[in-house]
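Please read the structure below before turning to the comments.
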Amino acid sequence: MAEVAFHFNVPDKLAYACRLVRKVDRHELRVVVTGDDDQLQALDRMLWELEPTDFVGHCMADAEPAALAASRVVLAPDPATCVHRDVLVNLGWELPPLHAAFQRVIEVVSQDDEADRRHARQRWKQYAAGGHAIVRFDLAAMPETR
């Protein structure tokens, strides 16, 4: 069963996702990031704009098979279409399909978007009802979130 972690009070979800994906990639784990198309397109641009020393090789889920095989980071509106199963980062409002197939799920929740927070509470309940142990990281309580 997937380990689930909620990262609450994130000031900028996409900037945080960039740092999170970079950290996971440095540990040589495969990660799927899911969310709506606009979020994933914006994240794709942000990942390409990172400093050369912070570069994170990535691709969209509809990339050529060779690119998908070579990339540890895949941006996918539907994570069920991906073969990667190490880490799933959810930027969206819905419970991701096949979340239980991943070793770890990370939910990123906005600090200021009340609708995002409301949907996160609903996902929390769904994970708990499914028997997942949930870890809570409150970035507002942490001195540094890098």
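For the stretch 3-139, the relative contact order works out to 37 percent when only alpha carbon pairs closer than 8 Å and six or more residues apart are counted.
For the chain, the Cβ-based charge dipole about the Cα centre amounts to some 600 debye (Lys, Arg positive; Asp, Glu negative; other atoms uncharged). Dividing the summed -39500 (n - 2.57) terms of all DSSP H runs of n ≥ 4 by the residue count of the chain sets its mean residue ellipticity at 222 nm at -10000 deg cm²/dmol. For the peptides 24-30, 7-13, the ranking by packing is 7-13, 24-30, with the highest mean count of neighbouring Cβ atoms within 10 Å listed first.
Readers should treat all values here as calculations from the given coordinates under stated rules, not as data from a laboratory. Quantities reported herein were computed from a predicted structural model and do not represent experimental measurements. Positions of Cβ are generated from backbone atoms using ideal geometry, with glycine treated the same way; all protein chains shown enter the neighbour counts.
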